[in-house]
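The values are calculated or read from the model by the stated rules, or taken from the named source; none is laboratory data. What you see is a predicted model; the values in this text were computed from it and never measured. Quick reminder, even Gly has a Cβ in these numbers, built from the backbone with ideal geometry, and neighbours come from all protein chains shown. Calculation scope for accessible area: heavy atoms of the full protein, side chains included, ligands and nucleic acids excluded. Shrake-Rupley method; radii C 1.70, N 1.55, O 1.52, S 1.80 Å.
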Amino acid sequence: SRGSGTPPPRQQDLRMATFAWQQNGLSQGNEDDDLRKLLWSSEATARESTRPQQLTANSKISRVVEYLDEHGRTAAVSEIQVERKLGFSLSSPEPLVVGLKNHRNILLETRSDGARWYAYQSGHPKVRDRASLLAELEEYPNGIPMKDLADAYHGVQSDMANAVFSGDVLAVTNRKLTGENTEILFPRGLRLFFRVGGEAAGFSLSGNNRLSTAKDIRHEIRRGDAVKVTPCDEVAGVKTPASAAGRISTRMQGRLRKWARPISVSSLKEMGGDDTTSVEWANPFTSNSVPVEFGQPIPSGQVQLQKFGCTNDVRALWTETAVSLPKTDQELFKALEDHGAGVKQATHKRARPREKQKKVQRRRRMNITNRHL
């Protein structure tokens, strides 16, 4: 075999082996050009795989929803404009037409000339600003998840966070959900405010959002609690800027914010863990200085400070004594009898039903005579 010029099997295998630059039609020697050509070829392959003609009906519907979310909120968009922008027809095939018609976020309108117009529609179409957001919550006493309102309008996330911050709505975390927008919003309903520090307490608000007071109120409010600041001129009847809602400052030194404020208007425990002295707060909370964060600017001057619900010392008193309270009505009546305040329980005995007797109609006896003659 050697005389015929045929190479050994090992050399034949090496000759058949090729390199990546040989398979892709690249030239040997210039590595930068080879890498650039490989990237271009991969991008071209990716574009070929995502051509509109090869997209499924669900993928096309997702692209239409994304386009309408960006361009079809304030005004409807014509079908021709959507087709020209996305590069595929909306009138076929049948699954695409049905999917567009039945999608919850697409509002389809067929006008008198037969043209079809598309607009974006959220799950709560009435919600368009902060005022309509609060009005919508009033119609849902069982609450609305924040994720259902996340696409109502641009800026709704900021309005929902501000409504929770100021205490305009009730927020409860749904522990079954994960990720963002895991809270459920409820209407606030009746608001109960309690004046912090008593009637004689006076507060002076400075320009750096700090309240100066001569009375220590740290046993009544904590960091993260929601408060309402009302100018004293407004209380006296003088026309002044409206009251402002805020929170006792929870900012820490630097960019680290380990302890986030509670979503409720009233906290249940001190922020910072068991050892609150080790936390470096950006704004000190002392016996004569109260740092407040406002959602809107408020002028400085003499103000009144109110807290949502009862103060924390009253809440702590209730929490300590609530353990010993009776849990059922029977336990309550027994405790009242043991302390000499027995209350006779009203017993409702079921009356035995009586059998209905047939009414016998008595005939009146009449004597017919002629004595009147």
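Some observations on this one:
- Cβ-derived FRET efficiency at R0 35 Å, CYS310 paired with SER204, nearest 0.05: 0.90
- Cα-projected label distance for SER300 with HIS219, points at 7 Å along beta-carbon direction, nm: 3.1
- Filter on LYS126/LYS147; LYS307/LYS334; LYS176/LYS269 - keep pairs with C-alpha separation over 28 Å: LYS307/LYS334
- Net charge of Cβ neighbours under 12 Å - reference ILE217; Lys, Arg +1; Asp, Glu -1: +1
- Efficiency of FRET from Cβ geometry, PHE193 and SER324, R₀ 25 Å, rounded to 0.05: 0.30
- Total formal charge among the other residues, if their Cβ is under 12 angstrom from that of ARG130, Lys/Arg +1 and Asp/Glu -1: -3
- FRET efficiency for the CYS232 to SER287 pair, using the beta carbon distance and R₀ = 22 Å, is estimated at 0.50.
- Exposure check, 1.4 Å probe, all protein chains in place: ASP113 carries approximately 120 Å² of accessible surface.
- By average C-beta atoms within 10 angstrom, highest first, the peptides 285-295, 328-338: 285-295, 328-338
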